[in-house]
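Here's the structure we're looking at; comments come further down.
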Amino acid sequence: MKILVCISHVPDTTSKINFTADNAAFDTNGVQYIINPYDEFVLAKAMHLKEGLGASITVINVGTAETEPSLRKAMAIGADDAIRINAAPKDGFFVAQQIAEIARTNTYDLIFAGRESIDYNGGMVPGVLATLLDYNFINACVGLEIENTTATAQREIDGGSETLQANFPLVIAGQKGLTEEKDLRIPNMRGIMMARKKTLAILEPIETGDKTGSKGFEKPQENAACKMVAADNIDGLIDLLHNEAKVI
Amino acid sequence: MSVLVFAEVSEGKFKKNALEVVSYGKKLAEQLGTQLTAFTINAETPSELASYGADKIVTITNNALSSFDAKAIATVASQIAQKENSKVIIVDSSANGAYLAPIIAGQLAAGFASNVVELPISMEPFVVKRKAFSNKAFQHTEINTDIKIIGLAKNAFGVFETAGKGQEEAFSTELINTGVTTVSIQQATGKISIADAEIVVSGGRGLKGPEHWGLIEDLAAVLNAATACSKPVSDLGWRPHSEHVGQTGKPVASNLYIAIGVSGAIQHVAGINASKVKVVINTDPEAPFFKVADYGIVGDAFEVVPELIQKLQKFKTQNS
Ligand SMILES: Cc1cc2nc3c(=O)[nH]c(=O)nc-3n(C[C@H](O)[C@H](O)[C@H](O)COP(=O)(O)OP(=O)(O)OC[C@H]3O[C@@H](n4cnc5c(N)ncnc54)[C@H](O)[C@@H]3O)c2cc1C
């Protein structure tokens, strides 16, 4: 089984989000980067399949050289090799087009991606990728079993889940549940050493037209101060929620 | 030219999300000086959409689409968009909407902006405001393809009644074989989902253990609310993963969010910040949640919540 795992390199979840003085771009000053949390779940699932059924795992990122630590980390966790498409991603469509180009030549059975990345939250790479490749696609996947070339998967729906079946080739957009938190992988020393010797191929992007463009950012308004209600004044709280906030 | 929205039903009835995209689509169509077409699958009373502004209602009746087949529906959407010469396509941000929109984008090679929170900032160029960085910021995104796809953030716009012409037209098409089949659906019955709830009651590690969740459930029951929890609570197995809300869990955009024994870590707040009114009950006056909440009580959940439940019950009987 040949698996491709899409890895997004994103600001750490505790990062303060600031923009450059003209609000044109994200201010990366002092920001730590991590593997997108959703991608960690799919990578751990890919490792699990590799150990159980046998598979090769390639990780891929569309990004500039700064993203390489995330690819090295993924290889330290156990991916066999890595590809970096050398481009600052313009939008999710662009990323999907670049990855599709690789998948057309290398052909994978299974492509994993996180449901969304926590920076731009576009939620479009896996779906667009599957459509461009004409692969089957399951979104918001929270459970997956593979038998031969058939996947039985659970996807999250509003108020429950749904069990789906699909054949390879298949794109899975995953999240927690696909792997449990406790089964996430942390690289060990040996893995880190081995990762240094693994191949990280750097490829140039293909030409594509721009579908969307970023026109700048704004920060949400500061919250007005919290109104404090005494613990023995529950009637006061109910009154505020009813008459002032009008939510009950 | 037209604006096209997908109005989804659940068991034949329109969900609030559907009425919200129709309301939004109508305003957008007016701004573009064009009409709004809504399409819907297996709806009991499609004509309802006219009251929210649909000028044309394209109805599809097909048993094969009674379970949600994203690719098949995306294909239908693309066909209708072509037939109706739709320049903007709007989909909601439900689990199904988020599955559908990128497929349509791929099929039509159209620019797509998800999590859009209001009407476009400008039409020429077409610029929308969308949530980014997990609710910590907004991005202005220009969509420059001929066809533009918008994923409307939940509860961002609201539902408005406006008269539309409501001309109905049946649409039938040969469905493609999509390769993904639904085997079964596990719907939590008798429970309101976090996605659909107007009110969400959430519990954190401050509740000390799963045996105390009766408090959360009882409070949710009086308020007709969904129950949710912080990440450690689901990691510890006190509650199912489906209740985990926050940056790496489910997003919440309810009218009212009540957090009990939740500290308000940045990752938790990122995921629930789109809620309109936030109430916090926490023993620690320094808990970060108080900085982002609208109403706060410093107090012990085990004392405050039982009294709140009892008083709300009284309030409900008086106000019903
Ligand atoms: C990559 C990453 C992603 C994450 N994603 C998420 C996410 O999506 N969602 C999420 O929730 N967290 C997430 N977290 C975890 C987050 O950082 C916090 O650890 C978590 O939200 C804390 O949960 P909590 O508030 O329940 O527990 P705690 O932080 O332990 O807070 C418990 C609170 O309960 C209060 N308390 C104690 N006893 C009582 C009582 N009797 N009555 C009332 N109050 C009481 C305490 O004062 C305290 O404020 C993430 C972390 C990381 C690193």
Original post:
If you check every pair at least six apart or on different chains, which have Cβ atoms under 6 Å apart with a residue in the stretch B:211-233 that is touching a residue at least 12 places away in the same chain (Cβ under 8 Å) and acidic (D, E) first and a residue that is within 16 Å of the ligand (Cβ to nearest atom) and open to solvent by 10 Å² or more (accessible area, probe 1.4 Å) second?
Top reply: B:D218/B:I309
**OP:** Find all pairs meeting these conditions: Cβ atoms under 8 angstrom apart; at least six residues apart or on different chains; first residue within the stretch A:141-152 and open to solvent by 50 Å² or more (accessible area, probe 1.4 Å); second residue modelled with pLDDT of 95 or more and part of a loop (DSSP other than H, G, I, E, B).
**Re:** A:T149/A:D109; A:T149/A:F168
Subject >> Sole exception among (1) at pLDDT 95 or above; (2) within 12 Å of chain B (Cβ to nearest Cβ) for A:S15, by number >> reply: (1)
Original post:
Can you tell me which residues in the stretch B:276-299 are of a type in the set (S, T, Y) and within 7 Å of the ligand (Cβ to nearest atom)?
Top reply: B:T283
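Quick one: is B:T189 more than 20 Å from the chain's Cα centre (by Cα) and either more than 26 Å from B:F315 (Cα to Cα) or open to solvent by 30 Å² or more (accessible area, probe 1.4 Å) (or both)?
no
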Subject >> The lone exception for A:A76 - which of (1) in contact with a strand residue (DSSP E or B) (Cβ under 9 Å, 6 or more places away or on another chain); (2) touching a residue at least 60 places away in the same chain (Cβ under 8 Å) it fails >> reply: (1)
**OP:** Please indicate, with yes or no, whether at least one residue in the stretch B:270-281 is more than 10 Å from chain A (Cβ to nearest Cβ), among the aliphatic types (A, V, I, L, M) and assigned to a helix (DSSP H, G or I).
**Re:** yes
Original post:
Has the stretch B:141-158 got at least one residue that is part of a strand (DSSP E or B), surrounded by 19 or more Cβ atoms within 10 Å (Cβ to Cβ) and free of Cβ contacts under 8 Å to residues at least 24 places away in the same chain?
Top reply: yes
Original post:
Just to be sure, is B:V305 assigned to a strand (DSSP E or B), assigned by TED's automatic domain parsing to the domain that holds B:Q247, near the ligand (Cβ under 10 Å from one of its atoms) and open to solvent by less than 20 Å² (accessible area, probe 1.4 Å)?
Top reply: no
Subject >> Unmet requirement for B:E11, which otherwise passes all of (1) open to solvent by less than 40 Å² (accessible area, probe 1.4 Å); (2) under 25 Å from B:A253 (Cα atoms) >> reply: (1)
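Where in the stretch B:182-260 are the strands (runs of 3 or more DSSP E), entirely inside, with at least 3 residues that are of a type in the set (A, V, I, L, M) and either within 15 Å of the ligand (Cβ to nearest atom) or more than 12 Å from chain A (Cβ to nearest Cβ) (or both)?
The strands (runs of 3 or more DSSP E) meeting that bar are B:256-260.
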**OP:** Could you run through the stretch B:261-275 and say how many residues are within 6 Å of the ligand (Cβ to nearest atom) and in contact with a strand residue (DSSP E or B) (Cβ under 8 Å, 6 or more places away or on another chain)?
**Re:** 5
Original post:
In the stretch A:86-197, which helices (runs of 4 or more DSSP H) lie fully inside it and hold 2 or more residues that are at pLDDT 95 or above and under 19 Å from the mean Cα position of the chain (by Cα)?
Top reply: A:92-106, A:125-133
Original post:
Can you tell which of B:V269, B:V201, B:V222 is in contact with a helix residue (DSSP H, G or I) (Cβ under 6 Å, 6 or more places away or on another chain) and open to solvent by less than 10 Å² (accessible area, probe 1.4 Å)?
Top reply: B:V201
Original post:
So which residues in the stretch B:36-83 are in a helix (DSSP H, G or I), at pLDDT 95 or above, away from chain A (no Cβ under 14 Å) and open to solvent by 30 Å² or more (accessible area, probe 1.4 Å)?
Top reply: B:S47, B:E48, B:S51, B:Q79, B:Q82, B:K83
**OP:** Keeping to the stretch B:102-128, report how many residues are assigned to a strand (DSSP E or B) and either within 7 Å of chain A (Cβ to nearest Cβ) or surrounded by 21 or more Cβ atoms within 10 Å (Cβ to Cβ) (or both).
**Re:** 8
Subject >> Residue list for the stretch A:209-248, restricted to those being at pLDDT 95 or above, more than 8 Å from every other protein chain (Cβ to nearest Cβ) and on the phi < 0 side of the Ramachandran plot >> reply: A:D232, A:N233, A:G236, A:D239, A:N243, A:E244
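The values are calculated or read from the model by the stated rules, or taken from the named source; none is laboratory data. Since this is a predicted model, take the numbers as computed values, not measurements. Please note: Cβ atoms are built from the backbone with ideal geometry, for glycine as well, and neighbour counts cover all protein chains shown. Heavy atoms of the whole protein, side chains included, go into the accessibility calculation; ligands, DNA and RNA do not. Shrake-Rupley method; radii C 1.70, N 1.55, O 1.52, S 1.80 Å.
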